[in-house]
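To start, the structure under review is shown below, and the notes come after it.
FYI, it's all coordinate maths here, none of it is from the lab. In this text the structure is predicted, and so the values were computed from the model without any measurement. FYI the Cβ positions are ideal-geometry reconstructions off the backbone, even for glycines, and counts take in every protein chain you see.
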Amino acid sequence: MNEFKVLTRDSGNAVVMELHGFLDAHTAPELEKTFTELIGKGKYNIVVNFNELNYISSAGLGVFMAYIDEVRNNHGDIKLTNMQQKVFNVFDLLGFPFLYEIYKDQTEALRKFGAQ
Amino acid sequence: MNGPEVKRVEKIEESRTFKGVTTALSDVRAFVNRHAFNFGFGDKEISEITLAVDEACTNVIKHAYKGDPESKFEVKIIGSGKEFEIVVRDWGASFKPEEVPVPNIREKVKRHKAGGLGIFLMRKLMDAVEYQEKGSANEVRLVRYLKDGPKA
């Protein structure tokens with residue numbers, strides 16, 4: 001079975017969520033759980049680092065769609081960074097770059113939150 | 001002088017049965033990945049084909065079988081000449097995508113409606129996507145043609 005792992009850590013006024021492995025219909029609930037926990041703690045400035053993510057399907061993309069409104073309504077954002085080309089291609093096909101901020105590097109995303 | 005060439009497999013026919021649960025998805029991907037590679041596709045095409053099949057199987061598991069752990073579905077791969085065909089067959093609730101209007105995907109993403117993204121991706125990633133009912137079975141047929149590959 002392909003593994004999936006989420007690691008979170010605070011960085012200034014933001015939280016960095018590092019995704020590892022394979023994000024599909026089987027592993028998406030784990031990502032949902034992490035978002036629910038962060039939002040439950042009132043953490044709305046979220047940077048998602050995709051550097052170690054090898055695969056994403058629409059079930060994974062749906063998780064970002066499910067939480068973005070609540071996060072933005074609370075003056076936060078979900079910013080996406082460090083995507084491998086094949087993962088970016090999937091986001092791109094669905095028009096995500098028009099609706100989500102996607103950065104090459106997590107430092108840029110953290111700077112946008114003012115959380116160096 | 002060319003280096004040793006990996007000889008592509010021009011004729012493929014293999015079918016495998018999987019449990020209708022999401023843990024099967026990684027096995028489905030490995031199965032498709034291996035055959036797409038042997039057939040002569042490059043990395044990008046292999047990723048695209050694998051994703052399209054994952055989406056088809058996810059729909060079967062989530063919608064046709066609604067997570068029933070006793071259910072099973074079949075994935076058949078037929079490669080011939082330049083045509084690489086994957087047939088996903090299930091015996092669950094049928095689905096008629098032709099009756100669903102083509103969604104404006106950007107609007108869907110904007111309104112955070114995830115349903116329908118899988119079908120949209122399948123159609124974007126493959127050269128042909130067809131749904132058929134055959135008796136009590138439903139079939140999704142996905143086709144991708146090998147382009148600029150070794151001579152068939």
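Descriptive notes on the structure:
- Diffusion constant of the stretch B:11-145 at 20 °C, which comes from Stokes-Einstein with the Kirkwood Cα-pair radius and 1.002 mPa s, µm²/s: 141 µm²/s
- Note on A:Lys112: lysines with a C-alpha under 26 Å away, same-chain residues under 8 apart excluded, are A:Lys5, A:Lys33, A:Lys41, A:Lys43, A:Lys79, A:Lys86, A:Lys104, B:Lys110.
- Mean partner shielding of peptide A:22-28, defined as the number of other chain Cβ atoms within 10 Å of each residue Cβ, is 6.
- Quotient of C-alpha Rg and 2.2 N^0.38 Å, computed over the protein assembly as shown: 1.07
- Inter-chain shielding of A:2-13 (mean C-beta neighbours from other protein chains, 10 Å cut-off): 1
- When every Cα-Cα distance of chain A is counted in 5 angstrom steps from zero, the calculated P(r) takes the values 2, 12, 24, 28, 22, 10, 2, 0 percent.
- Between helix A:28-40 and chain A there is an angle of about 10 degrees, using the helix long axis and the longest principal axis of the Cα atoms.
- Equivalent ellipsoid, the stretch A:50-116 (semi-axes from 5 times Cα gyration tensor eigenvalues, Å): 19, 16, 10
- Per-residue mean of C-beta atoms belonging to partner chains within 10 Å, peptide B:49-62: 3
- Residue pairs, from the table B:Lys11/B:Lys66; B:Lys44/B:Lys66; B:Lys44/B:Lys76; B:Lys62/B:Lys147; B:Lys82/B:Lys108; B:Lys62/B:Lys82, whose Cα atoms sit over 29 Å apart: B:Lys11/B:Lys66; B:Lys44/B:Lys66; B:Lys62/B:Lys147; B:Lys82/B:Lys108; B:Lys62/B:Lys82
- Sites listed here are GluC sites (Glu not before Pro) in the stretch B:16-71 whose DSSP assignment is loop and whose Cβ has at most 12 other Cβ atoms within 10 Å: B:Glu70.
- Acute angle (nearest 10 degrees) that the helix A:58-73 long axis makes with the longest principal axis of chain A, alpha-carbon atoms: 10 degrees
- For the pair B:Glu83 and B:Tyr131, label points projected 7 Å from Cα toward Cβ lie 2.2 nm apart.
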